[in-house]
Amino acid sequence: MKILDWYIIRKFLGTYVFAIALILAITVMFDINEKLDAFLKAPLRATVFDYFLNFLPYFANQFSPLFTFIAVIFFTSKLADNSEIIAMLSTGMSYNRLLRPYMISAAVIAAATYILSAYIIPPANIKRIDYTNTYVKNKRIDYGTNIQLQVAKDEIAYMSRYDNLQKTGYKFSLEKFDGKRLVSRLTSQSIRWDTLHNWTVRDYMIRDFDGHREKIRRGLRLDTIIPFEPRDFLISKNDHETMTSPELREYIERQKERGVANIKSFEIENYRRYAMTAAAFILTVIGMALSSRKVKGGMGVNIGIGLVLSFSYILFMTVTSTFAISGATSPMVAMWIPNILYAIIAIILYNRVSHR
């Protein structure tokens, strides 16, 4: 690490932070204008600490590739316009050597992006989403009907209806199998969820089958542990944003074992976090390759090209996510298609500029 490396890193990260601060300030103004009615009826403390304090890092992280690309284009174009890059290359420095501080800066941004998206932002999203559901628009799923899922190996649960506000399900049954043979069946008029996997069944009947024999037990109340919870079958639109990466992977595996099909958004979110991390390196190379040479029209041309490419990347990632939701591709392929395509563009552009 030399003085020149620190100079580029400082310029890169400084411009990145400045771009984030500028765009967030504009975003806050638009958000206040859009949700003014909700903000006026909500407590000021909740608006500041539950919503905005959690919304700003969420928004910044969502558009981290955009900020990275803009930062690279802006400060590299300025260096090129001031002939600083020409001076660096005239000393015998290669493009590969010039790229090193860019990659170090991209690694810092990529690490911060992943840590935020995987561990810090999801718990904060719980408060943000709860605020929007309470004061802006309620998108929470609180009711379900005809719920059936596999809660454990050879165990199938069914509920006619579940009310999440009352934490109560109605006309519940739990069937246990030995292969294809039914060995036990529990039925109850209602079942209430208390804590993790802790359910209380009321007015129940248990039928145990042993060949041609049948044993029946009845009761008014039974506390039991059944390995499922309401979030396994009441899936709201933004639930995937509230889970850390370990929780997300565990949830996906558990739902796959139960045969639940409605988990595409969770799988997309899981792979998106990795894809967004890799995007920092890819877009840094593209930005550096595009703006390291002087062009007619100054840095405005480079910034324009950079904005088009960065927005096209985000749009492309949004479009490919619909492929996964429709089943046309797997979530992993859908999330990595933009990175693969833009990585090819990065290699082509970098080879062209480095061999001039």
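Among what's in the range 160-204 and is over 12 Å from residue 223 (Cα atoms) and assigned to a loop (DSSP other than H, G, I, E, B), pick the residue that is modelled with the lowest pLDDT. Per the criteria, the residue is 196.
When residue 286 is tested against (1) more than 18 Å from residue 340 (Cβ to Cβ); (2) touching a Leu at 6+ places or on another chain (Cβ under 7 Å), exactly one condition is not met: (1).
The set of residues from the range 193-211 being out of contact with any helix residue (DSSP H, G or I) (no Cβ under 7 Å at 6 or more places or on another chain), buried (at least 17 other Cβ atoms within 10 Å of the Cβ) and either touching a residue at least 24 places away in the same chain (Cβ under 8 Å) or closer than 17 Å to residue 155 by Cα (or both) comprises 199, 200, 201, 206. Within the range 254-275, work out how many residues are closer than 25 Å to residue 328 by Cβ, modelled with pLDDT under 90 and assigned to a helix (DSSP H, G or I). Number satisfying all stated conditions: 6.
In the range 20-34, the residues that are farther than 17 Å from residue 67 by Cβ reach residues that are surrounded by 15 or more Cβ atoms within 10 Å (Cβ to Cβ) and not β-branched (Val, Ile, Thr) with C-beta atoms within less than 7 angstrom, at least six apart or across chains, in these pairs: 32/39. Of the numbered criteria (1) within 18 Å of residue 242 (Cβ to Cβ); (2) at pLDDT below 90, the one residue 127 fails is (2).
The sole residue among 47, 27 that is out of contact with any Asp or Glu (no Cβ under 8 Å at 6 or more places or on another chain) and within 25 Å of residue 272 (Cα to Cα) is 27. Tell me, which residue of the range 212-231 that is surrounded by 11 or more Cβ atoms within 10 Å (Cβ to Cβ) and hydrophobic (A, V, I, L, M, F, W, C) is nearest to residue 164 (Cα to Cα)? Top of the filtered list is 228. When the test is whether a residue is more than 26 Å from the chain's Cα centre (by Cα) and farther than 29 Å from residue 224 by Cα, residue 129 does not pass it.
Can you find even one residue in the range 176-183 that is under 28 Å from the mean Cα position of the chain (by Cα), within 13 Å of residue 226 (Cβ to Cβ) and either surrounded by fewer than 17 Cβ atoms within 10 Å (Cβ to Cβ) or in contact (Cβ under 8 Å) with a residue 12 or more places away in the chain (or both)? Checking the range 176-183: not a single residue is under 28 Å from the mean Cα position of the chain (by Cα), within 13 Å of residue 226 (Cβ to Cβ) and either surrounded by fewer than 17 Cβ atoms within 10 Å (Cβ to Cβ) or in contact (Cβ under 8 Å) with a residue 12 or more places away in the chain (or both). From the list 157, 118, 152, the lone residue that is within 30 Å of residue 59 (Cβ to Cβ) and either among the small types (Gly, Ala, Ser) or at pLDDT below 90 (or both) is 118. Looking only at residues of the range 276-294 that are of a type in the set (S, T, N, Q) and closer than 21 Å to residue 335 by Cβ, we find that the one that is surrounded by the most Cβ atoms within 10 Å (Cβ to Cβ) is 284. Put simply, of 141, 147 the only residue that is touching a Leu at 6+ places or on another chain (Cβ under 8 Å) and under 30 Å from residue 185 (Cβ atoms) is 141. What tally of residues in the range 205-253 results from selecting those that are part of a strand (DSSP E or B) and within 30 Å of residue 57 (Cβ to Cβ)? The qualifying residues number 0.
The values are calculated or read from the model by the stated rules, or taken from the named source; none is laboratory data. All figures in this text were calculated on a predicted structure; none of them were measured in a lab. Ideal geometry is used to build each Cβ from the backbone, glycine not excepted, and the neighbour counts take in all protein chains shown.
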